[in-house]
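S.K.: Please read through the structure below; I'll follow up with questions.
Derivation of every value follows stated rules applied to the coordinates shown; laboratory data play no part. None of these values were measured; they are calculated from a predicted model. When we count neighbours, we look across all protein chains shown, and the Cβ atoms used for this are built from the backbone with ideal geometry, even at glycine.
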Amino acid sequence: MEQEVITLLSTREIDKMRRAGHLAAQLLNHLEPLVKPGVTTLQLNDEAERWTQAHGAKSAPLGYHGFPKSICTSVNEVVCHGIPNAKQVLKSGDIINIDVTLILEGYHGDTSKMYFVGEPSPVARRLVEVTEKCRQLGMDEVRPGGRIGDIGAAIQEYAESQGFSVVRDFVGHGISNIFHTAPQIPHYGDRGTGKKLRPGMVFTIEPMINEGTWEVKVLKDKWTAITKDRKLSAQCEHTLVVTESGYEVLTQC
Ligand code: MF3
Ligand code: CO
Ligand code: CO
């Protein structure tokens, strides 16, 4: 993390985060009908880039620490940071996470969701449902005075109760005019630990939940993270702000 201090955003900055987040959520919806057997992940990338520019925004991943494309497309055993590729053709039964981050007026909206290509297997469907519930249970812990560790604890307790595991190597993050900043938001851990949440803090919750082991490995392309046992992984992400009474999701339509 570039900075240890957690910045509290002003109302004006939160307004910009809301607009960027809203646009990012709309992009995920826009891509939904394209996710079909036969489409390549590069086609999804190119449509996302076109749509983003057409809406006056920029794709944050493009060129970020050398990332070569505009979105991340993570299929089946890919945990995160999958690189869109012309040779990667989606087929029925695949599950895919599309993770988009847009910059609008200098502020970031970061969100991702899972899509089914055709009909998923029973375990794939269950993994995706559990992952979505994990994100919700994590968000439900967010309120002033709560602690960062409460979020991860809620996610880990539920994921493991369902027989799945929580990825450790990637975490949620503070986000504003900077893509990744303090605080880190682990999706595992212990209640009552970590920094206290305060109104105006803005960060992501983006649990990666695995069918088998939580361990991951990064491929030679330096980006693509896959499960060590090649079993399935799912993820979903929202950007949110801590409010006086709880939280507001910034990446919604
Ligand atoms: N959007 C991802 C996140 O949730 C980060 C992608 S960085 C990239 O934090 F370089 F891989 F695009
Ligand atoms: Co993120
Ligand atoms: Co993201």
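S.K.: In angstroms, what radius of gyration and Dmax does the stretch 179-233 have, counting Cα atoms only?
M.R.: 14.6, 41
S.K.: Find the Cα radius of gyration of the chain, compare it with 2.2 N^0.38 Å by division, and give the number to two decimals.
M.R.: 0.94
S.K.: Using the alpha-carbon centroid of each, what span in Å lies between the stretch 82-113 and the stretch 197-236?
M.R.: Answer, in whole Å: 14.
S.K.: Quick one: Cα centre-to-centre distance for the stretch 37-57 and the stretch 149-190, in angstrom?
M.R.: Computed from Cα coordinates, the inter-centre distance equals 28 Å.
S.K.: Could I ask something else about it? Ignoring everything except DSSP H segments at least 4 long, calculate the 222 nm mean residue ellipticity for the chain; use -39,500 (n - 2.57) per segment, divide by total residues, nearest 500.
M.R.: Calculated at 222 nm, the ellipticity per residue is -9000 deg cm²/dmol.
S.K.: Below 15 Å, Cα to Cα, which aspartates and glutamates can Lys228 reach? Residues fewer than 8 away in the same chain don't count.
M.R.: Glu77, Asp169, Glu211, Glu215
S.K.: With N denoting the number of residues in the stretch 8-145, provide Rg(C-alpha) divided by 2.2 N^0.38 Å, to two decimal places.
M.R.: 1.10
S.K.: Beyond 19 Å between alpha-carbons counts as too far, so tell me which of Lys69/Lys133; Lys16/Lys58; Lys69/Lys222 fall in that bin.
M.R.: Over 19 Å Cα-Cα: Lys69/Lys133.
S.K.: Run the dipole for the chain about the Cα centre, Lys and Arg Cβ at +1, Asp and Glu Cβ at -1, nothing else charged, and hand back the magnitude in debye, nearest 20.
M.R.: Dipole of the chain, to the nearest 20 debye: 260 debye.
S.K.: How long are the three semi-axes of the equivalent ellipsoid for the stretch 213-253, computed from the Cα gyration tensor as the root of 5 times each eigenvalue, in whole Å, largest first?
M.R.: Sorted largest first and rounded, they come to 33, 12, 9 Å.
S.K.: Another question, then. What's the whole-number percent of alpha carbon pairs in the stretch 132-253 lying beyond 19 angstrom?
M.R.: So the pairs more than 19 Å apart make up 45 percent of the total in the stretch 132-253.
S.K.: May I pose another question? Could you tell me the calculated FRET efficiency between Leu219 and Asn177, based on Cβ-Cβ distance and R0 = 25 angstrom, to the nearest 0.05?
M.R.: Result of the calculation: an efficiency of 0.20.
S.K.: Based on the Cβ-Cβ distance of Asp140 and Lys91, what FRET efficiency does E = 1/(1 + (r/R0)^6) give at R0 = 35 Å, to the nearest 0.05?
M.R.: Step by step, r from the Cβ atoms, then E = 0.50.
S.K.: Sorted from largest down, what three extents in whole angstroms do the Cα atoms of the stretch 95-154 have along their principal axes?
M.R.: 42, 33, 12
S.K.: What is the Cα radius of gyration of the stretch 3-58 over 2.2 N^0.38 Å, N being its residue count?
M.R.: Its radius of gyration relative to the 2.2 N^0.38 Å reference: 1.50.
S.K.: Here's a follow-up. Take the Cβ-Cβ distance between Lys36 and Ser10 as r, set R0 to 51 Å, and report the resulting FRET efficiency rounded to the nearest 0.05.
M.R.: 0.75
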